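This report concerns only the one structure given below.
The values are calculated or read from the model by the stated rules, or taken from the named source; none is laboratory data. Computed from a predicted structure; not experimentally measured. With ideal geometry, Cβ positions are generated from the backbone for all residues, glycine too; neighbour counts draw on all protein chains shown.
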Number of protein chains: 2
Amino acid sequence: MTVDEPDEMAEQHEPDTVARRGRWRTGERSRRRILDAARALFAERGYDRATVRRIAATAQVDPAMVYYFFETKSRLFTEALALPVNPAEEVAAELSGGVDGLGERIVRHFLDVWDRAPTVEPMLALLRSAPTDERSAAMFTGYIEQEIIARIATVVPEPARLRAELVGSHLMGLLLARHVLRIEPLASTSPDTVATWMGPTLQRYLTDPAPAPDPTA
Amino acid sequence: MTVDEPDEMAEQHEPDTVARRGRWRTGERSRRRILDAARALFAERGYDRATVRRIAATAQVDPAMVYYFFETKSRLFTEALALPVNPAEEVAAELSGGVDGLGERIVRHFLDVWDRAPTVEPMLALLRSAPTDERSAAMFTGYIEQEIIARIATVVPEPARLRAELVGSHLMGLLLARHVLRIEPLASTSPDTVATWMGPTLQRYLTDPAPAPDPTA
């Protein structure tokens with residue numbers, strides 16, 4: 001795709017482009033400049049400190065245009081990194097169903113998304129860069145903490161963030177074993193079976209009483 | 001890198017040899033050749049198919065010398081990849097304590113090892129290469145399946161390998177969240193606290209009755 005060839009997503013964002021070819025092309029260019037600026041600033045400053053205002057300034061557009069094209073910062077992040085889904089939106093959707101059965105819903109949804117994902121490559125590019133580059137780790141970590149962990153933490157008891165991270169770490173490990181390393185039989189076990197094993201575990205992390213402090217500690 | 005061309009890593013393995021002479025140097029050279037050959041063959045053929053016999057042939061030594069220096073294939077793998085510990089030996093030690101409380105022992109030991117590890121870098125080098133290189137994935141996967149999962153599976157009920165992998169995937173996720181991405185508060189939560197949360201989960205995976213098949217499936 002070149003700058004003169006509109007892609008589908010851009011068409012959705014700006015419908016009456018046929019009649020105004022000049023302006024459309026300008027819009028598509030702006031959109032791409034925003035994505036470039038976002039990628040650079042997320043990597044350079046981390047998710048938290050790469051503000052929409054600054055991304056807009058770097059892309060030489062008005063902040064309103066960033067929201068016009070991407071609606072939320074989390075979606076801008078998702079598109080800049082070419083993730084198959086916006087985890088923040090997915091999590092919000094799951095949480096809207098309440099805390100009962102949340103563990104199993106989360107794992108089912110997670111399996112559904114990643115089993116259908118055309119590739120795990122974008123996520124792996126992050127993983128690959130994170131350890132060698134503190135800033136890449138900050139980019140990823142800031143997003144997870146702010147858009148995923150913090151949301152889950154609003155609906156579960158204390159220690160809410162720890163509970164949410166135990167869930168998150170288990171899901172990351174599942175992704176690694178099933179889709180990256182493809183360890184058998186986990187890689188080809190049906191989503192239903194994985195969900196019946198993991199669902200109750202995630203639910204316990206989310207809502208069971210906190211364990212008593214370790215007596216040997 | 002080919003087996004004939006020592007790389008930088010190989011250089012690091014050799015301390016100042018300048019003052020040293022004779023048999024010691026010959027032994028040290030053989031040892032280094034074995035490590036080079038092992039690295040190349042594990043990457044090229046995967047853990048399972050890189051036999052000690054073949055590694056020895058590539059290094060131009062007798063297979064007995066491989067065992068003399070490294071005792072087991074899993075330890076050769078550990079040293080070739082500069083891992084901080086030999087997970088196979090660790091697992092064997094944990095399993096010798098029986099299945100009661102195994103979940104908590106495993107997580108405590110895992111935290112102890114990785115919290116003390118000088119760096120997670122060698123493990124990450126594997127992760128980084130795995131997704132782009134099928135052979136690297138096979139190298140890592142073969143080791144995990146053969147030396148870790150298969151051992152745990154000998155002491156737990158069916159589906160034994162799935163149980164072992166659920167445990168393993170959770171631990172991999174913990175490593176990622178705590179040591180690679182350093183997501184707070186999980187990254188700085190005390191090992192005791194993490195163990196009291198995760199221990200029962202791992203124990204359930206290992207020894208609880210298998211969940212009933214999902215009725216909606």
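Could you list, in sequence order, the residues of region B:57-73 that are buried (at least 21 other Cβ atoms within 10 Å of the Cβ) and either on the phi > 0 side of the Ramachandran plot or among the small types (Gly, Ala, Ser) (or both)?
Listed by number, the list holds a single entry, B:ALA59.
Could you grab the pairs with beta carbons closer than 6 Å, sequence gap of 6+ or different chains, first residue in region B:84-96 and surrounded by 15 or more Cβ atoms within 10 Å (Cβ to Cβ), second one hydroxyl-bearing (Ser, Thr, Tyr)?
From region B:84-96, the pairs are B:ASN86/B:SER74; B:ASN86/B:THR78; B:ALA88/B:SER74.
In region A:48-75, how many are within 17 Å of the chain's Cα centre (by Cα) and under 13 Å from A:SER30 (Cβ atoms)?
Count: 1.
Could you pull out every one of the helices (runs of 4 or more DSSP H) wholly within region B:31-89 that has 2 or more residues that are among the hydroxyl-bearing types (Ser, Thr, Tyr)?
B:63-70, B:73-80
Examine region A:176-195 for a residue that is closer than 17 Å to B:LEU186 by Cβ and outside any loop (DSSP other than H, G, I, E, B), and state whether such a residue exists.
Yes, that holds for at least one residue.
Could you grab me the full set of residues in region B:139-174 that are of a type in the set (Phe, Trp, Tyr) and at the interface with chain A (Cβ under 7 Å from one of its Cβ atoms)?
Correct list: B:PHE140 only.
Look at region B:175-212 and say how many of its residues are closer than 15 Å to A:ILE144 by Cβ and at the interface with chain A (Cβ under 8 Å from one of its Cβ atoms).
Looking only at that region, the number is 10.
Return the only residue of B:ALA187, B:ALA195 being among the aliphatic types (A, V, I, L, M), surrounded by fewer than 16 Cβ atoms within 10 Å (Cβ to Cβ) and in the same structural domain as B:ALA117 (by TED's automatic domain parsing).
B:ALA187
Would you be able to say whether some residue in region A:34-42 is among the charged types (D, E, K, R), more than 19 Å from the chain's Cα centre (by Cα), at pLDDT 85 or above and over 30 Å from A:ALA164 (Cβ atoms)?
There is no residue in region A:34-42 that is among the charged types (D, E, K, R), more than 19 Å from the chain's Cα centre (by Cα), at pLDDT 85 or above and over 30 Å from A:ALA164 (Cβ atoms).
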